[in-house]
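See structure below.
All of the numbers you see were taken from the coordinates with simple rules; none came from a lab. Please read all numbers here as calculations on a predicted model, not as lab measurements. Note that we place each Cβ from the backbone using ideal geometry, even for glycine, and neighbour counts take in every protein chain shown.
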Amino acid sequence: MKIKDMKTRCVWLAVVVVSATLTCGRWLTSAAAADTSSSGSVTGMVKFDGNPPKASRIDMSSDPNCKSGASTAMTEDVVAGANGSLENVVVFVADGLEGRTFQPPAQPAVLEQKGCSYRPHVVAIQANQKLNVVNSDATTHNIHPMPANNRESNMIQPPGVPLDLTFAREEIAIPVKCNVHPWMRGYIAVFKHPYFAVTGKDGGFELKDLPPGTYTITAWHGKLGTQSQKVTVGAGQNPKLDFVFKQ
Amino acid sequence: MHRMANKTNLTMAFILLFCALTSHAQQSHIGHLVGNAKHGKALYQRYCIFCHGAQGDGNGDSAPYLDPKPRDFTKATFKCRSTPSGDLPLDSDLYDTITRGVHASGMPSWRPLLRQDRTDLVAYIKTFSPRFQEEQPVAPIQIPSEPPTSPDSVKRGGQLFQSMNCGLCHGKEGRGNGPSAASLTDTRGYPIRPFDLTSGTRLKCGDSDTGIFRDLTTGLDGTPMPSFASALKPDQIWDLVHYVATLRAASK
């Protein structure tokens, strides 16, 4: 009799737990869905006005193992397309998210060393998000970020050895270099929120899922400085924003 | 009433915790000695201020004439540590540097100062950076006992010297004249020379084999010299130490 009683109890308990989970789950998903539908995104283009400075060839002869990349390796100070589209610009929300905190994504970002260059040249991550540093070359690199507001580390990385880096504080942007291959230069931009993008070949960017509000959007380039504009995002609105850099 | 008492207890606990946390940064511990930052400040102003500056930023009156530049304590980045790359040094690391001095730099040995004075200086130097308050102290790296050197170990070390690209900075023969040597700067942008391993001069962070093992494992933060901790196993680091010893012995 007693055992039967307990069984019934267990069944009831299971029913209650399952239904509670389902209700909560549904409530949570609907809340998240509502959030997305009331948010907007900011899209736009970054251009370079005028003739971009010519890239020069990089001499990698000191390390024969870098040779595979040597045939095409050029400096990446300013990389602009034929129509003026500017690559390697970090566009981000600089102001307007006060009082909100964001968890770092579980998915790591990747910074690859390939042909004795950094791929991408500029990588943007969230504070405390893992940055997976990969060495795809047949030579040993050292990865030396030189932050102003984060801890400075300097690790050697032979081919195939995994390495993860994290940065605790926002910093735009941390220069990173390889001391054994002094031509290698890159940047790691660290944000305390997820609203950032790095322009690719087409110079385009999109800041997705921004809650309604007024924001300062800043565009940062390693050599050309920064520019800022104010923008107001309404529910479901996707305002456009363009930046033009000059030398 | 009971609640009130609970609240008071909680407040007291917080005050105690706060005191414990802040006093931690103002103090240093070397063996049984406890350093006092206030006393350390008086010593600092007498002995250290001319190079390291009143703000501890390495911009003292003598700094323009020095190469390498005096350490900027506000960044809390130190070459000679027993902790992993990027982590704060132990009290004993700072104490050892003060005691030993830094060879081939303007930093003399302060061994003539009392042990207590050197401990007080460590406590004061830690007040220049908030990192000593914000970050938890970390465990030092492990140094396993040194296997005896052998021709095989030296040979393996020589191969590592090449595959780890040591030669690109230190030169194929360790003379500090590798193809990348001229490009090297420290974190503050000042030119810095890779160590000439054949020169027979003393190393910056101490000369023993365990010292070299430690330098290879921790890296010299603030300089181009990286840490090999995640790349090599302890036995391989010992091989490298044994190879470096042959370069150094060749000069004697």
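Structure values in brief
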quantity: Surrounding net charge for B:Thr97, when Lys and Arg each add one and Asp and Glu each subtract one, Cβ distance under 12 Å; calculated: +4
quantity: Alpha carbon centroid spacing (whole Å) that separates the stretch A:190-247 from the stretch A:94-130; calculated: 15
quantity: Debye log10 I(q)/I(0) at q = 0.13, 0.15, 0.23 Å⁻¹ for the stretch B:21-99, Cα point scatterers; calculated: -0.44, -0.59, -1.30
quantity: Computed Kirkwood radius, in angstrom, where 1/r is averaged over Cα pairs of chain B; calculated: 20.0
quantity: Distance violations [Cα-Cα > 32 Å] among A:Lys177/B:Lys172; A:Lys67/B:Lys204; A:Lys130/B:Lys126; A:Lys130/B:Lys155; calculated: A:Lys67/B:Lys204; A:Lys130/B:Lys155
quantity: Relative contact order of the stretch B:59-187, defined on C-alpha pairs under 8 angstrom at six or more residues apart (%); calculated: 18
quantity: Net charge of Cβ neighbours under 10 Å - reference A:Gly81; Lys, Arg +1; Asp, Glu -1; calculated: 0
quantity: Sequence-separation-based contact order of the stretch B:151-249, relative, with Cα cut under 8 Å and 6+ spacing, percent; calculated: 34
quantity: Residues B:Leu88, A:Leu97 arranged by fewest to most Cβ contacts within 10 Å; calculated: A:Leu97, B:Leu88
quantity: Taking chain B and dividing mean pair separation by its residue count, relative contact order in percent (alpha carbons under 8 Å, at least six apart); calculated: 20
quantity: Neighbourhood charge, 12 Å Cβ-Cβ cut-off, centred on B:Thr74 and excluding it, Lys, Arg +1 and Asp, Glu -1; calculated: +3
quantity: Volume per residue that the Cα convex hull of the stretch A:165-216 spans, once the total is divided by residue count, Å³; calculated: 127
quantity: Cα gyration tensor shape for the stretch A:76-126, rounded if a/c is under 1.5, else prolate or oblate; calculated: oblate
quantity: Computed over the stretch B:151-249, Kirkwood Rh from alpha-carbon pairs, angstrom; calculated: 13.5
quantity: Neighbour-count ranking [beta-carbon atoms within 10 angstrom, fewest first] of B:Thr218, B:Thr99; calculated: B:Thr99, B:Thr218
quantity: Diffusion constant of the protein assembly as shown at 25 °C, which comes from Stokes-Einstein with the Kirkwood Cα-pair radius and 0.890 mPa s, µm²/s; calculated: 93
quantity: Average other protein chain Cβ within 10 Å of Cβ, residues A:174-180; calculated: 5
quantity: Per-residue Cβ neighbour rank within 10 angstrom, fewest leading, A:Thr75, A:Thr199; calculated: A:Thr75, A:Thr199
